[in-house]
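Worksheet: the structure to be examined is printed underneath.
The values are calculated or read from the model by the stated rules, or taken from the named source; none is laboratory data. As the structure is a computational prediction, the values presented were derived from the model and not from experiment. Using ideal geometry, Cβ is built from the backbone for each residue, glycine included, and neighbour counts are taken over all protein chains shown.
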Amino acid sequence: LVLSAPGTDGLRRGELGIGSGIVHDSVADDEYAECQLKARFVTALDPGLSLFETMRATREGVPLLDWHLARLERSAAAFGFPFDRTVLTNDVARACATLEGEGAYRMRLLLTPNGSANVSAVPLSPLHASWDAPVRLLVAPQSREITHSLP
């Protein structure tokens, strides 16, 4: 394992050379499996990273659930997390069914590096102002490029 000096971001880059002894009767899949086993001390490290999506939920479900799952799926793909939309949809539906009362909840869907999920919810606090009260808006003097969009 060769590590570089820390970069400007404080992170060290590394390179790990893994190989196997190939002979005339070697089987490619077996050799590949051996390399994976040898590298496991690095590849199996848990970086402590999980992905989450926060959604408004009621007993009836989550508005824009497909949009939330699409965004989570893009993040999962970027980090190499397994993503099963059907399982996650069912997890959210089960969690919504257990919500008490008719109010809205803040639901959090947490996705771990191995693809397992955890769903939690807490009641949304009521707003302090009435929905009928006027709201003042301020237009920013500069515009910013937005790189995400609704599907």
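Return the residue satisfying two criteria in turn: it lies in the stretch 1-28 and is part of a strand (DSSP E or B) and surrounded by 10 or more Cβ atoms within 10 Å (Cβ to Cβ), and of such residues it is nearest to the chain's Cα centre (by Cα).
Filtering the stretch 1-28 for residues part of a strand (DSSP E or B) gives 2-3, 14-15.
Keeping just the survivors that are surrounded by 10 or more Cβ atoms within 10 Å (Cβ to Cβ) gives 3, 14.
Details: L3: 28, G14: 25 Å.
It comes out as G14.
Looking at the structure I just gave you, is S50 polar (S, T, N, Q) and under 30 Å from L110 (Cα atoms)? Spell out how you get there, then give the answer.
Details: polar (S, T, N, Q): yes; under 30 Å from L110 (Cα atoms): yes.
Yes: the conditions hold for S50.
Keeping to the stretch 74-109, report how many residues are crowded, with 17+ Cβ neighbours inside 10 Å and farther than 15 Å from M55 by Cα.
Of the residues in that region, 3 qualify.
Please give the number of the condition V42 fails out of (1) under 30 Å from G17 (Cβ atoms); (2) at pLDDT 90 or above; (3) not charged (D, E, K, R).
The number of the failed condition is (2).
Considering only the stretch 62-73, state which residues are outside any helix (DSSP H, G or I) and crowded, with 16+ Cβ neighbours inside 10 Å. I'd like the intermediate steps shown before the answer.
Taking the stretch 62-73 first, the residues outside any helix (DSSP H, G or I) are 62-64.
The answer is V62, and nothing else.
Within the stretch 74-99, which residues are part of a loop (DSSP other than H, G, I, E, B) and free of Cβ contacts under 8 Å to residues at least 40 places away in the same chain? It would help to see each step written out before you state the result.
Taking the stretch 74-99 first, the residues part of a loop (DSSP other than H, G, I, E, B) are 80-84, 98-99.
Those that are part of a loop (DSSP other than H, G, I, E, B) and free of Cβ contacts under 8 Å to residues at least 40 places away in the same chain: G80, F81, P82, F83, D84, T98.
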